[in-house]
Amino acid sequence: MRIGIDLGGTKIEAIALAGDGSIRARRRVPAPRGDYAATVTALRDLAQAVASEAGATGPIGVGIPGTISPATGLIKNANSVWLIGHPLDRDLAAATGRPVRLANDANCFALSEASDGAGAGHGVVFGVILGTGCGSGIVVDGRVLTGPNAIAGEWGHNPLPWPQPDELPGPQCYCGKRGCQETFLAGTGLERDFLEQTGRDLKAAAIATAAEAGDAQAEAALQRYEHRLARGLAAILNVVDPDIVVLGGGLSNLDRLYRNVPKLWGAFVFSDTVSTPLVKNRHGDSSGVRGAAWLWPPA
């Protein structure tokens, strides 16, 4: 039995996961903000709580909004900036007395869906989180692909492919570049585009609801979004050619994406046919914490 922890910016969730994929214990607490020592303590206490409840003696996997630098062994690229520059895996292992593995939260999502979710049984799974940000992970034969620089799957920080004239130079991204896919394909990107085109300030879910009700401006915004997503995923198909693409995050709840995007991406994929399925995740908000537990395969 393994312990999985999803370390988010506002909450920390932990589970004890049995070898058959069943959850034996689950707890959630608010995440300390701006305090590294308090974060380590919260992780330790939460791990010990679910371990005690489930009788778990196994290792700990943690999904984080960042990654470990192969050069330094310290956290880098974390939205929770107070983690940056610290050896979180080593500190948590010392605090709990258990082996610890860390991975990017999008990698954990992809691993969860590849292990026993919508991508189970497929050799190469490309998992995408379309939420407040835009992350992705690649799983090959049950193992997360990280790369020598620990940046495999950083799809959101590449430029939007085949840009249209009105998409250049693109919005400013927090990474310092302009036109990153994240600025177009995250939920905030859809909201920004709708506001700029209409002057109306609506959340992504409200835009989708308005489109369903026949709002022409909302429908046009979703069609622009679908075309951009199709181009972004076509670039992945051209390079990785995954067996399946699994969507997560809030925008994955838009059922129309699974109908419309595959109709569009064929124009940009370098193949006479495209058989790759585009599917919704199976585990929803639990994918991240489940994937963290799956960082340790069953003994």
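Points worth noting:
- Complete set of residues in segment 173-215 that are at pLDDT 95 or above, within 25 Å of W162 (Cβ to Cβ) and open to solvent by 80 Å² or more (accessible area, probe 1.4 Å): R178, E196, Q197
- Contacts under 7 angstrom Cβ, first residue in segment 135-157 being touching a residue at least 12 places away in the same chain (Cβ under 8 Å), partner small (G, A, S) and open to solvent by 70 Å² or more (accessible area, probe 1.4 Å), 6 or more apart: none
- Looking across segment 54-83, the residues that are part of a strand (DSSP E or B) and surrounded by 19 or more Cβ atoms within 10 Å (Cβ to Cβ) come down to I60, G61, V62, G63, I64, T67, I68, I75.
- Scanning segment 261-283 turns up no residue that is touching a residue at least 60 places away in the same chain (Cβ under 8 Å), open to solvent by less than 20 Å² (accessible area, probe 1.4 Å), out of contact with any Lys or Arg (no Cβ under 8 Å at 6 or more places or on another chain) and farther than 30 Å from L17 by Cα.
- Residues of segment 132-172 that are outside any loop (DSSP other than H, G, I, E, B), open to solvent by 50 Å² or more (accessible area, probe 1.4 Å) and out of contact with any Lys or Arg (no Cβ under 6 Å at 6 or more places or on another chain): V140, R143, H157, P159, P165, D166.
- Scanning segment 47-103 for residues that are of a type in the set (S, T, Y), touching a strand residue (DSSP E or B) at 6+ places or on another chain (Cβ under 9 Å) and more than 25 Å from G156 (Cα to Cα) turns up S52, T96.
- Count of residues meeting criterion [of a type outside the set (D, E), assigned to a helix (DSSP H, G or I) and under 24 Å from T188 (Cβ atoms)] in segment 260-291: 10
- The set of residues in segment 92-106 being part of a helix (DSSP H, G or I) and modelled with pLDDT of 95 or more consists of L92, A93, A94, A95, T96.
- Residues satisfying the stated conditions in segment 221-260, i.e. of a type in the set (K, R) and in contact (Cβ under 8 Å) with a residue 24 or more places away in the chain: R224, R228, R231, R256
This table checks each residue for (1) β-branched (V, I, T); (2) open to solvent by 70 Å² or more (accessible area, probe 1.4 Å).
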residue: T39; (1), (2): yes, no
residue: Q48; (1), (2): no, yes
residue: A94; (1), (2): no, yes
residue: L102; (1), (2): no, no
residue: A106; (1), (2): no, no
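- Filtered residue count, segment 116-131, keeping only those that are under 30 Å from Y36 (Cβ atoms) and either surrounded by fewer than 24 Cβ atoms within 10 Å (Cβ to Cβ) or among the hydroxyl-bearing types (S, T, Y) (or both): 1
- Among the residues of segment 1-53, those that are under 19 Å from the mean Cα position of the chain (by Cα) and not in a strand (DSSP E or B) comprise G8, G9, T10, A31.
The values are calculated or read from the model by the stated rules, or taken from the named source; none is laboratory data. Bear in mind that the values here come from a model prediction, so they are computed numbers and not experimental data. Neighbour counts are summed over all protein chains in view; Cβ atoms, including those assigned to glycine, are modelled from backbone coordinates with ideal geometry. In case anyone asks, the SASA skips ligands and DNA or RNA and just uses the protein heavy atoms, side chains included. Shrake-Rupley method; radii C 1.70, N 1.55, O 1.52, S 1.80 Å.
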